[in-house]
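What follows is calculated from the coordinates using simple rules that are stated; it is not laboratory data. None of the values given here were measured: they were computed from a predicted structure. All Cβ positions, glycine included, derive from the backbone under ideal geometry; neighbour counts span all protein chains shown.
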Amino acid sequence: MVLLRKWSSVLGRAVIAASAGVGLVQLAVTAKRGDQLSAQPAERAGGAGDGVAPNEGPYLSGAVQLTLPGRFVRAGEAYFDHLTPPRNVIFQAEERGAGAGQYAMYVAPLRYDSRQAVIGLGEPTRLSAPGSANTCGWFFPSDSKRVLFGSTLGPVAPEERSPGYQRDSGRYRWSFPSAMRIVTATITKDAKADGPVEELVARPGGDGYAAEASWSPDGRFLLYTHVDPATGDADLWVWDSGHEASFALVREPGYDGGGFFSPDGQRVCYRSDRRGNGELQVYVADLAFDPAEPALITGVRREVAITDDPGVVNWAPFWHPTGSYLVFASSRAGHTNYELEAIEVLPQSTPGRRARVTHAAGFDGLSAYSRDGTLLMWTSQRGPKNPDGTASSQLWVASVIGDPAWEPAGPRAASPGAR
């Protein structure tokens, strides 16, 4: 899987333990199993009881830490259910003392105060099997009691385990286990497991990594990443639940993955290493539909590189509920300080103005909005550090109170894709 390893090593320059799984370190804060996870404001907060850093205030307010390093060695990539206000979240984390060195999949209820402000999480419930590797959870759009995620369902083969930090290169690497497949589970309204974990989608060819999945707004189409075991290339696929069939949506050389449908279901965003240089960029594709069956996706009509920054990695895009802009993680501020940025997606799927959203030391990325756009949840290292001085990647949430601080539009035109 040479292609995948190439771009994963570049991401590793950015303290990518937040998503890719490194962080086997000792952490400072302690919490007993079964304790509710109360919100923790950052010590360098921009205001009293607020984990928002300076310069984030025009857009974010009331940032609080949802997961604690005393319970989880690392936590990241969380998503809300589709209720308003959201009731539960799904996230991946490595629990202290688990010993597997892999992410497990959890669901937990959000806790609100009397003013309906999020103050933390209730007790998390693990959905995944012990020792399995797991990634990329998601709620069904029409049923908040059903979730999906990628899972190996059992222990990962030694040769496919994430090797983590490489002292010789100073980079992080992780694997794409061939046993990874998309599974589904049912939970109760208060985020407790309610039934077995079952495979949802048959993998193309019956083998190869399949994960990074999300539903279309109407719940018919599933967008996911599949790695061809013969070539090691990762492509975007779509499963049509109406016809129970999968087809390749974006099949170009290099990694293409981490996709999400736009709120109107007419476009998808994703990350791509199209140039093969390890510098992921954010792409948007306009979908093509069958004239005889207007709701049936048939492919991509137009593809645009929304970001095109030499020497910069841009990845993990997510749509704002208006569909007018994306928030994504960028190394524009430095490969050891990824920050959340926003970029407008104009009606012709071309890039507009850009804005920096977060301003904190360490990693900020893997963001997701609540359905109504009033909450933003992401993975951050702005909280307390580990005893050895290294950063701790945990989940944070904040209220969205304004518009991004847009920079003046630049002269750069959109870069067309292969279509």
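Worth pointing out:
- Label zone of Ala245 (point 7 Å out along Cα→Cβ, amide N under 16 Å): in the range 278-301 this covers 289-300.
- For Lys192, the aspartates and glutamates whose Cα falls under 18 Å of its own Cα, not counting residues fewer than eight places away in the same chain, are Asp35, Asp81, Glu95, Glu123, Asp143.
- The distance from the alpha carbon centre of the range 261-300 to that of the range 305-328 is 13 Å, rounded to a whole number.
- Multiplying the residue separation of Glu123 and Thr231 by 0.36 nm and subtracting their alpha-carbon distance yields 34.7 nm.
- Fewest-first ranking of Tyr338, Tyr112, Tyr59, using other Cβ atoms within 10 Å as the exposure measure: Tyr112, Tyr59, Tyr338
- Above 19 Å, the calculated P(r) of the range 276-419 contains 57 percent of its Cα-Cα pairs.
- Fewest-first ranking of Leu280, Leu249, Leu60, using other Cβ atoms within 10 Å as the exposure measure: Leu249, Leu60, Leu280
- At full extension, Ala157 and Arg111 could sit 12.8 nm farther apart than now, given 0.36 nm per residue minus the alpha carbon distance.
- The calculated FRET efficiency for Ala361 paired with Leu296, based on their beta-carbon distance and R0 = 56 Å, is about 0.75.
- With R₀ fixed at 22 Å, the C-beta to C-beta distance from Arg275 to Ala409 puts the FRET efficiency at about 0.35.
- Using 0.36 nm per residue and subtracting the Cα-Cα separation, the extra length available between Thr188 and Leu346 on full extension is 52.9 nm.
- Inter-site label distance for Asn386 and Glu199 at 7 Å from Cα along Cβ, in nm: 3.6
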